[in-house]
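Enquirer: Input: one structure, supplied below.
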Amino acid sequence: MSHYILSRSLSQYRDQSITMGGWIHRVRQLGGLTFIVLRDPQGLVQIMRQPEDPPLPTLVPETVVQVTGLVTPENRAPGGVELRHPVFRILSRPGGSLPFHLGSPKLRVGMDLRLNEAALSLRHPQSQRIFRVQAALTSGFRRALRERQFVEVQTPKIIATASESGANVFKLQYFDTNAYLAQSPQFYKQMMVGVFGRVFETGPVFRAEPHDTGRHLSEYVSLDVEVGFIESPQELMSLLRDLLDVMLGEARADSGDNGWPRVPDQIPVIHFADALTQVGEALGQNLAQEPDLSPTHEDWLGVWARREYESDFLFVEGYPTAKRPFYTAPDPERPVYSRSFDLLFRGQEIVTGGMRLHRDEDYLDALKKRGLTTEGLEGYLSAFRYGMPPHGGFAIGLERLTARLLGLSNIREATLFPRDLKRLRP
Ligand code: AMO
């Protein structure tokens with residue numbers, strides 16, 4: 001491992017000579033002094049050269065350097081310390097001119113250029129922060145579930161049968177047959193409940209989304225949970241609430257930022273039918289026959305939840321059974337509605353979940369009612385034939401959660417290398 005001191009721990013080395021490694025972020029002359037900002041893997045550090053110090057080599061932005069200097073208290077520097085009497089060693093120089101500079105606090109570069117030049121734009125502290133937050137969210141998700149005795153699983157992403165209804169599936173040539181990219185780990189996570197009872201998975205999923213919007217990607221990270229021996233969607237909603245609390249807590253601790261939304265002890269819940277009535281009245285429309293909530297409806301509900309409950313989160317439960325995939329359990333009292341839910345965060349769906357069917361005969365019935373056959377589903381359905389407990393689960397869209405949390409209007413900003421209708425590289 002490198003012996004370089006990292007910027008977050010620099011203040012522990014006051015009055016000592018230390019060595020760091022990083023990129024030249026910015027250089028500024030002020031009178032006879034030169035101020036150099038070094039960007040190391042953790043943050044920014046100010047380095048000050050006085051006239052009597054050894055001469056500086058040429059330091060253009062993004063030059064990679066090793067620098068040795070004296071850690072000196074300085075209130076005006078980030079972290080309250082700066083390096084003085086620096087001696088630089090150049091490790092590498094940028095090969096050509098840069099398409100833009102990273103030196104200002106906000107990266108003012110259009111979305112296309114920013115994404116095309118991801119190798120550079122992702123280095124900007126503003127962008128780094130997004131992905132540090134995302135890493136903390138994933139880490140909190142794993143930790144909270146492991147503490148609750150869930151087992152992490154990895155399931156295939158090349159599959160033989162589409163797992164979610166709808167046509168948004170990527171087809172590919174698989175030797176001499178066809179295959180699909182997994183739209184979700186749905187079938188496998190349910191099968192694994194038959195093994196471990198409680199499972200989770202974090203991994204990429206693929207949706208051939210024909211929409212060019214700020215909330216859709218063709219490849220995104222799905223944080224999936226599936227749990228057996230439960231009786232109601234409320235148990236899932238309560239688990240999800242606690243998970244989000246841990247995840248946001250971990251991100252908050254990592255970033256040192258306190259201005260973030262708290263997850264309420266009880267996230268408010270509204271039934272789908274009531275949500276439609278509320279939105280319809282507010283917008284002066286009759287929405288009674290609507291099968292789903294549109295982005296505008298979700299947006300309105302987000303504002304409503306804030307006003308009525310001071311909550312950034314709102315559960316909508318009881319989506320119409322016909323609009324949910326065949327594995328969804330209907331509400332036994334009102335079978336047109338299902339035992340499923342979405343979680344809206346600041347007016348956008350970030351999670352879908354619900355109770356599933358768990359009896360073999362219920363699956364055969366549900367498929368028949370929807371005019372579907374068991375073809376290609378044999379491996380999945382055998383789990384129910386061999387006995388499955390009542391179970392349910394949910395999936396959090398990681399990029400949507402990150403974007404909502406950080407107030408990013410475009411999901412691409414919360415994706416390292418986004419894949420969308422037009423973008424396949426870098
Ligand atoms: P669903 O299809 O609703 O449910 O997806 C779950 C969550 O994934 C996110 N999401 C997306 N994020 C970015 N780009 C997309 N194209 C995209 N599509 C979906 C959303 C959404 O809430 N198997 C079920 C989950 C379950 O019931 O366990 C499923 O995949 O945040």
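Enquirer: Given the whole protein assembly as supplied and a 1.4 Å probe, what does the accessible area of residue 150 come to in Å², nearest 10?
Expert: 20 Å²
Enquirer: Here's another thing I want to ask about it. How large is the helix-only mean residue ellipticity at 222 nm for the chain, computed as the sum of -39500 (n - 2.57) over DSSP H runs with n ≥ 4, divided by its residue count, in deg cm²/dmol to the nearest 500?
Expert: For the chain, the value works out to -9000 deg cm²/dmol.
Enquirer: Multiplying the sequence separation of residue 283 and residue 14 by 0.36 nm and subtracting their Cα-Cα distance, what value in nm do you get?
Expert: 90.7 nm
Enquirer: Is any helix in the chain, taking whole DSSP H runs, at least 30 angstrom long along its axis by alpha carbon and on average at least 0.5 on the Kyte-Doolittle scale, and which ones?
Expert: Once both thresholds are applied, nothing remains.
Enquirer: Another question, if that's okay. Pull up the DSSP beta bridges for segment 202-318 and report the antiparallel fraction as a percent, rounded to 5.
Expert: 60 percent
Enquirer: Heavy atoms only, 1.4 Å probe, whole protein assembly: order 63, 19 by accessible area, highest first.
Expert: In descending accessible area the options line up as 19, 63.
Enquirer: Using only the heavy atoms of the protein chains and a 1.4 Å probe, how would 213, 277 rank by accessible area, largest first?
Expert: Largest accessible area first, the residues go 277, 213.
Enquirer: A further question on this structure: Please list, or write none, the lysines whose alpha carbon is within less than 16 Å of the alpha carbon of residue 189, excluding same-chain residues fewer than 8 places away.
Expert: Cα-Cα hits under 16 Å: 157.
Enquirer: Still on this model: Near residue 368, which lysines are there with a Cα under 21 Å away, not counting those fewer than 8 places off in the same chain?
Expert: Of all the lysines, those that pass the test against residue 368 - Cα under 21 Å, at least 8 places apart if same chain - are 323.
Enquirer: For a label point 7 Å from the Cα of residue 111 along Cα→C-beta, name the residues of segment 128-148 whose backbone N is under 19 Å from it.
Expert: Flagged as within label range: 128, 130-131.
Enquirer: In segment 166-259, what percent of the accessible surface is made up of carbon and sulfur (1.4 Å probe, ligands and nucleic acids excluded)?
Expert: Summing carbon and sulfur atoms, their accessible area is 53 percent of the total for segment 166-259.
Enquirer: Here is a further query. What is the sum of charges around residue 25, taking Lys and Arg as +1, Asp and Glu as -1, for the other residues whose C-beta is under 10 Å from the C-beta of residue 25?
Expert: Net local charge, residue 25 excluded: +1.
Enquirer: Mean shadow of segment 35-143, computed from the convex hull of its alpha carbons, in nm²?
Expert: Over every viewing direction, the Cα hull of segment 35-143 projects on average to 9.1 nm².
Enquirer: At a probe radius of 1.4 Å, what is the per-residue accessible area of residue 13, in Å² to the nearest 10?
Expert: Here the accessible area works out near 60 Å².
Enquirer: For every other residue with a beta carbon closer than 15 angstrom to the beta carbon of residue 246, add +1 if it is Lys or Arg and -1 if Asp or Glu, then tell me the sum.
Expert: +1
Enquirer: On average over all directions, what projected area in square nanometres does the chain have, based on the convex hull of its Cα atoms?
Expert: 25.5 nm²
Enquirer: With an 8 Å Cα cut-off and a minimum separation of 6 or more residues, compute the relative contact order for the chain in percent.
Expert: 13 percent
Enquirer: Another question about this same structure. Contour minus end-to-end for residue 299 and residue 409, with contour as 0.36 nm per residue of separation and end-to-end as the Cα-Cα distance?
Expert: Length difference between fully extended and current span is 38.3 nm.
Enquirer: Report, ordered by chain and residue number, the lysines lying within cross-link reach of residue 422, taken as a straight Cα distance under 19 Å and ignoring same-chain residues fewer than 8 apart.
Expert: 171
Enquirer: Roughly how many Å is it from the Cα centre of segment 32-99 to that of segment 169-221, as a whole number?
Expert: Between the Cα centre of segment 32-99 and that of segment 169-221, the gap is 46 Å.
Enquirer: Sticking with this structure for a sec: Give me the percent of the accessible area of segment 37-135 that comes from carbon and sulfur atoms, probe 1.4 Å, all protein chains in place.
Expert: 54 percent
Enquirer: Given contacts defined as C-alpha pairs under 8 Å and at least six residues apart, what's the relative contact order of segment 217-350, whole-number percent?
Expert: 22 percent
Enquirer: Here is a follow-up. Computed on alpha carbon atoms, what radius of gyration and Dmax characterise segment 239-353, expressed in Å?
Expert: That works out to 15.3, 47 Å for Rg and Dmax.
Enquirer: Report the gain in length on full extension from residue 365 to residue 128: 0.36 nm times residue separation, minus Cα-Cα distance, nm rounded to one decimal.
Expert: My answer for the length gained is 80.4 nm.
Enquirer: What does the charge add up to near residue 115, with Lys and Arg as +1, Asp and Glu as -1, over the other residues with Cβ less than 12 Å from its Cβ?
Expert: Once positives and negatives cancel, what remains is +2.
Enquirer: Please give the per residue accessible area of the chain, computed with a probe of 1.4 Å over protein heavy atoms only, in Å².
Expert: 49 Å²
Enquirer: Between residue 64 and residue 254, what is the label-point separation in nm under the 7 Å Cα-to-beta-carbon projection?
Expert: The modelled label-to-label distance comes out at 2.4 nm.
The values are calculated or read from the model by the stated rules, or taken from the named source; none is laboratory data. These numbers were taken from a predicted model, which means no experiment stands behind them. Cβ sites come from the backbone with ideal geometry, for glycine too, and all protein chains shown count toward neighbours. Note: areas computed on protein heavy atoms with side chains; ligands, DNA, RNA excluded. Shrake-Rupley method; radii C 1.70, N 1.55, O 1.52, S 1.80 Å.
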